[in-house]
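Bear in mind these aren't lab numbers, they're just calculated from the coordinates by the rules spelled out. Since the structure is predicted, the reported quantities are computational estimates derived from the model, not experimental observations. Glycine gets a Cβ as well: all are built from the backbone with ideal geometry, and neighbour counts include every protein chain shown.
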Amino acid sequence: MSAGISNNGLAQGGTEWPVHSMDRPRPPVVDPGPERPSAPPPADAVVLFDGRDLAQWQRADGSPARWRVAQGYMEAAGGSGNVLTRRSFGDVQVHLEWATPSPAAREGQARGNSGVFLMGHYEIQVLDSWRNETYADGQAAAIFGQTPPLVNASRPPGAWQTYDIIFRRPRFAADGSVLQPARVTVLHNGVLVHDAVAFTGRTVHARQARYEPHADRLPLMLQEHGDPVRYRNIWVRELAEN
Ligand code: MG
């Protein structure tokens, strides 16, 4: 959706700001420095993409992923759908690198949109937020529709950017009620943008999030939003539950 959509007038959990409010202040811009070469994964990582093939990925219906692989990256192909890992994960550390198209095309949410969906439900937004106005809770590194990043640590379009994510899954009681919300810590280009922030529920668009119970382990998903966003060097470390 483009900027300026009307909201439903509901404040989201814990804040006074309606979902996707254009009045919500934008986080300060912090230059994270130039892009850096990829570093090899740690020894105990589950490598999900090493630049060669999509063997670890599939479409939502279980058919082979159809993103483009070239020169060490995978690229969202228009109309090919989201890609999900074949393996499922609960509590994880995630590292990945992404780049939005250059030159940038279009504006707001239509500029380099993708997303990292933890457990397929909880999105850390991927967007070209280099001099690109959109609602604060929808810019790069936002917990989409819920919480803006602490700062805007974006690099320009075409430059490789990193996310390092520590995710703790939600815990549900037997009756489906939430014992503990999902929590996430995120570094964008090495800069802290979320510090153990709770998700208010599953990611939804232009509505207030809420939780629905689900399995303890689910695939990681990357969003295909019509823009040829690229990813490389994707790995996770499974974390012991705390
Ligand atoms: Mg997105």
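Table for the structure above
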quantity: Student exercise, the chain dipole from Lys, Arg, Asp, Glu Cβ charges, in Debye to nearest 20; calculated: 260 debye
quantity: Simple spin-label estimate for MET22 and ARG131 in nanometres, 7 Å along Cα-Cβ; calculated: 2.1 nm
quantity: Fewest-first ranking of VAL46, VAL184, using other Cβ atoms within 10 Å as the exposure measure; calculated: VAL46, VAL184
quantity: Sorted by Cβ density within 10 Å, fewest first, the residues TRP130, TRP67; calculated: TRP130, TRP67
quantity: Zone of GLU35's modelled label, taken as backbone nitrogen in the stretch 157-187 under 12 Å from a point 7 Å along Cα→Cβ; calculated: 157-162
quantity: Residue-span extension gain [ARG66 to ALA174] - 0.36 nm each, minus C-alpha spacing; calculated: 35.1 nm
quantity: Stretch gain in nm, segment ARG210-ALA55, where the contour uses 0.36 nm per residue and the Cα spacing is subtracted; calculated: 52.5 nm
quantity: Estimated dipole of the stretch 199-242 in Debye, rounded to 20 [Cβ of Lys and Arg +1, of Asp and Glu -1, Cα centre]; calculated: 120 debye
quantity: Principal axis dimensions, the chain - Cα atoms, whole angstrom, descending; calculated: 46, 46, 32
quantity: Residue exposure sequence - ILE143, ILE165 - by fewest surrounding Cβ within 10 Å; calculated: ILE165, ILE143
quantity: Extent along principal axes [Cα atoms of the stretch 110-242; Å; largest to smallest]; calculated: 46, 32, 26
quantity: Cα-projected label distance for ARG87 with THR185, points at 7 Å along beta-carbon direction, nm; calculated: 2.2 nm
quantity: Charge-dipole axis of the chain as Lys and Arg at +1 and Asp and Glu at -1 on Cβ define it, positive-most pick from ALA141, PRO156, SER88; calculated: SER88
quantity: Nearest-0.05 FRET efficiency for ARG217 and ARG106, computed from C-beta distance (R0 30 Å); calculated: 0.25
